[in-house]
Ligand SMILES: Cc1cc2nc3c(=O)[nH]c(=O)nc-3n(C[C@H](O)[C@H](O)[C@H](O)COP(=O)(O)OP(=O)(O)OC[C@H]3O[C@@H](n4cnc5c(N)ncnc54)[C@H](O)[C@@H]3O)c2cc1C
């Protein structure tokens, strides 16, 4: 079976989402600040009614599988939906599909106790609150085995000490999922860390500083300090020493949704480049008639379509029942390629717009910076390229002798062995 069609009923939903995001959600990006500030009266006034329309349409928070209480759309449909959500900064939150809450709700649904689900998952899925996922530490993020923030059991409480950073949305979060070392003696280094649920406002938990990125409305990525932060013993998410397994559970789907939202930005850059190319003239010709501009447009379209197919193939494989570990080659390939696609297309669109393209009147520099963001968050590109190469090479056998097995003389010898001399 092989096909590229979308079922007509689902295509109708995608068309509705497309129009809704372009006409009703994109304007919010120009009016409101941080999209995670759910307590902001303007958020309540403008975003809540849109969320209510999405809920009434049955398209709210579709990311959980049916076994976890969701609609069970599967990764392919979720990917296509996220391609629409990504067209606006407020798109994901209007549909209850914003990171890191989607991944956090996935692991709460998967590993949470009934009490944790009641206290944390239910308000999170309703977007009454937002949450923070905190792994990265100042001394190194790409190597989680180097994390040192620790928790020690003292009676019926964990006592947490250490520092984390780039904890996105810590300022607005009602609770944090924090990776802490609890089993330093475990022989397997991947069994030394545990995920803890920590409520915002717990004494000893301090935001040292919020770091900001170009293109974001305000600094929202926190440097956190934990000084004797006391957390109930029952706030372990998963089991003791299970943090790596918990973290892996949230990353697979999230990476694909992120990729499709990135495609949405690249697609918008592409559409803008095309409009400018047919609108602007130089020396009596449209930009669209210049070969080097045509090359930019052709390369961008091909690059985007190739990448989109890779993401959709990966989503399709996930829907065939393969677990994320089985398809990590594909997931890491998507993660590794995503920054380059956005970077290249945003950069070409910027160039075609000339000075205007570089100015803050246009979104291209935001998207260029975002291309670096998607190349760092959830692990740097290089780490994912290594996974791709390792996966591709693991079953490749070395040649038996000094020469390649495909040396022409050798291939001819094998052909003669099979068919005799001709
Ligand atoms: C916008 C944004 C939001 C984020 N949000 C969160 C969040 O909510 N929660 C959270 O926990 N973290 C978050 N992060 C942190 C992110 O996960 C880390 O930045 C990432 O894992 C890399 O860690 P690092 O920045 O410490 O880089 P380092 O580990 O210092 O690596 C620096 C560079 O070294 C190179 N490098 C590192 N390792 C290798 C390797 N094995 N092979 C080859 N080259 C390598 C790469 O070029 C890499 O970019 C966020 C980051 C960004 C940019």
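The values are calculated or read from the model by the stated rules, or taken from the named source; none is laboratory data. Quantities reported herein were computed from a predicted structural model and do not represent experimental measurements. FYI the Cβ positions are ideal-geometry reconstructions off the backbone, even for glycines, and counts take in every protein chain you see.
Of all residues in the range 220-235, those satisfying the criterion of being surrounded by 15 or more Cβ atoms within 10 Å (Cβ to Cβ) and either within 16 Å of the ligand (Cβ to nearest atom) or outside any strand (DSSP E or B) (or both) are 220, 221, 222, 223, 224, 225, 226, 235.
Condition test on residue 378, is it within 15 Å of the ligand (Cβ to nearest atom) and either at pLDDT below 95 or crowded, with 19+ Cβ neighbours inside 10 Å (or both)?
Judged against the criteria, residue 378 is a match.
Within the option set 329, 407, 356, 350, being surrounded by fewer than 21 Cβ atoms within 10 Å (Cβ to Cβ), under 30 Å from residue 294 (Cα atoms) and away from the ligand (no atom under 14 Å from the Cβ) holds for one residue only, 356.
Answer with yes or no whether residue 334 is part of a helix (DSSP H, G or I) and within 16 Å of the ligand (Cβ to nearest atom). The answer is no for residue 334. Within the range 346-372, being under 13 Å from residue 277 (Cβ atoms) and assigned to a loop (DSSP other than H, G, I, E, B) holds for one residue alone: 353.
Restricting the search to strands (runs of 3 or more DSSP E) fully inside the range 128-219 and requiring at least 1 residues that are within 12 Å of the ligand (Cβ to nearest atom), touching a helix residue (DSSP H, G or I) at 6+ places or on another chain (Cβ under 7 Å) and closer than 21 Å to residue 234 by Cβ gives 130-134, 173-181, 193-199.
Screening residue 368 against (1) under 20 Å from the mean Cα position of the chain (by Cα); (2) free of Cβ contacts under 8 Å to residues at least 40 places away in the same chain; (3) more than 16 Å from the ligand (Cβ to nearest atom) leaves a single unmet condition, (3).
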